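This report refers to the structure that appears directly beneath it.
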Amino acid sequence: MHHDKALEDVAKIDELEPNHINAMEPKILALIGLERFDDVEVAMNELGRRLDENRGDKPETGWFCTTISIFAWEHGD
């Protein structure tokens, strides 16, 4: 609901722990809520890159795949 506040929180997390991959989910959801779709695309690409670098079976991978599919479908891609 408070997308701007969520982005502020994520920025604080990024300052303290720049590689904290779990912060990407609330960031992306806040950007979607604010309809900042160009930023969503950048953030999704960043999350995908981070997941590729940290190969493994992480819950973020499932969320990433689902979210990127929904985002693409909603934008006609």
### Query
Do the sum for the chain: with -39,500 (n - 2.57) for every DSSP H run of n ≥ 4, divided by all residues, what is the mean residue ellipticity at 222 nm, to the nearest 500 deg cm²/dmol?
-24000 deg cm²/dmol
### Message
Suppose the chain between residue 50 and residue 70 were pulled fully straight at 0.36 nm per residue; how much longer would it get relative to their current alpha carbon spacing?
### Response
5.2 nm
### Task
Report the residue, chosen from 33, 62, 48, that carries the largest GNM mean-square fluctuation when the chain is represented by alpha-carbon nodes joined by springs under 10 Å.
62
### Query
DSSP loop GluC sites (Glu not before Pro) in the chain with at most 13 other Cβ atoms within 10 Å of their Cβ, which ones?
35
### Message
Pairs of alpha-carbon atoms within less than 8 angstrom and 6+ residues apart define the contacts here; what relative contact order does the chain have, in percent?
### Response
24
### Summary
Calc'd 3J(HN,Hα), the stretch 16-24, phi into Karplus 6.51 cos²θ - 1.76 cosθ + 1.60 (θ = phi - 60°), Hz, glycine/Pro = x, comes to 7, 8, x, 9, 6, 5, 5, 6, 5
### Query
Of 23, 11, 43, which has the largest mean-square fluctuation in a 10 Å C-alpha GNM of the chain?
11
### Summary
Heads up, the chain by the C-alpha gyration tensor (a ≥ b ≥ c square roots of eigenvalues; a/c under 1.5 rounded, else a/b over b/c prolate, else oblate) looks oblate
### Task
Enumerate by residue number the trypsin sites (Lys or Arg not before Pro) in the chain meeting two conditions: DSSP loop (anything except H, G, I, E, B), and at most 10 other Cβ atoms within 10 Å of the site's Cβ.
55
### Message
How much accessible area per residue does the chain have, counting only protein heavy atoms and a probe of 1.4 Å, in square angstrom?
### Response
71
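The values are calculated or read from the model by the stated rules, or taken from the named source; none is laboratory data. Values in this document were obtained by computation on a predicted structure and should not be read as measured data. Neighbour counts are summed over all protein chains in view; Cβ atoms, including those assigned to glycine, are modelled from backbone coordinates with ideal geometry. Ligands, DNA and RNA are stripped out before the accessible areas are found, and what is left, the full protein with its side chains, is counted by its heavy atoms. Shrake-Rupley method; radii C 1.70, N 1.55, O 1.52, S 1.80 Å.
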